[in-house]
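Please treat every number below as a calculation from the coordinates, not as lab data. As the structure is a computational prediction, the values presented were derived from the model and not from experiment. When we count neighbours, we look across all protein chains shown, and the Cβ atoms used for this are built from the backbone with ideal geometry, even at glycine.
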Amino acid sequence: MTEEDKEISEKEFSEIRFIQYVSILTNAGMQQMGKIMNPVNGKMEKSLEAAKATIELLSMLKEKTKGNLTTDEEQVLSNALANLQLNYADEVNRMEKESGKS
């Protein structure tokens, strides 16, 4: 393996790790909104406060890495953030409607 091949592999590995990190945070946010099951305890749990913190973390990550990401990394991060924000807004609206019915 040439030095150039090794460098390309390291760049690809770095991109994969970044995308995995975004995926981990996305899954955490979905769990925190009660959209997917917690794999550790098998329960559906909801903490919109925690979900909001995760969304803010991804938003900060997007801001701090602006101009420093590959096209794929930027697309994955933007899509993940938009998906979480839409789901969060949906959950907040649902809770407001439920509390209004009480």
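Below are the figures for this structure:
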read-out: Residue match in the stretch 51-67 (condition: in a helix (DSSP H, G or I), of a type in the set (Asp, Glu) and surrounded by 14 or more Cβ atoms within 10 Å (Cβ to Cβ)); value: no
read-out: Residue pairs meeting the criteria (Cβ under 7 Å; at least 6 apart or on separate chains; first of a type in the set (Gly, Ala, Ser), in the stretch 48-73; second surrounded by 15 or more Cβ atoms within 10 Å (Cβ to Cβ)); value: Ala50/Gln32; Ala51/Gly29; Ala51/Gln32; Ala51/Met33; Ala51/Tyr88; Ser59/Leu81
read-out: Qualifying positions in the stretch 68-91 - in a helix (DSSP H, G or I) and closer than 22 Å to Lys11 by Cα; value: Thr71, Asp72, Glu73, Glu74, Gln75, Val76, Leu77, Ser78, Asn79, Ala80
read-out: Residue in the stretch 21-37 that is part of a loop (DSSP other than H, G, I, E, B), without any contact (Cβ under 8 Å) to a residue 24 or more places away in the chain and surrounded by 13 or more Cβ atoms within 10 Å (Cβ to Cβ) present; value: yes
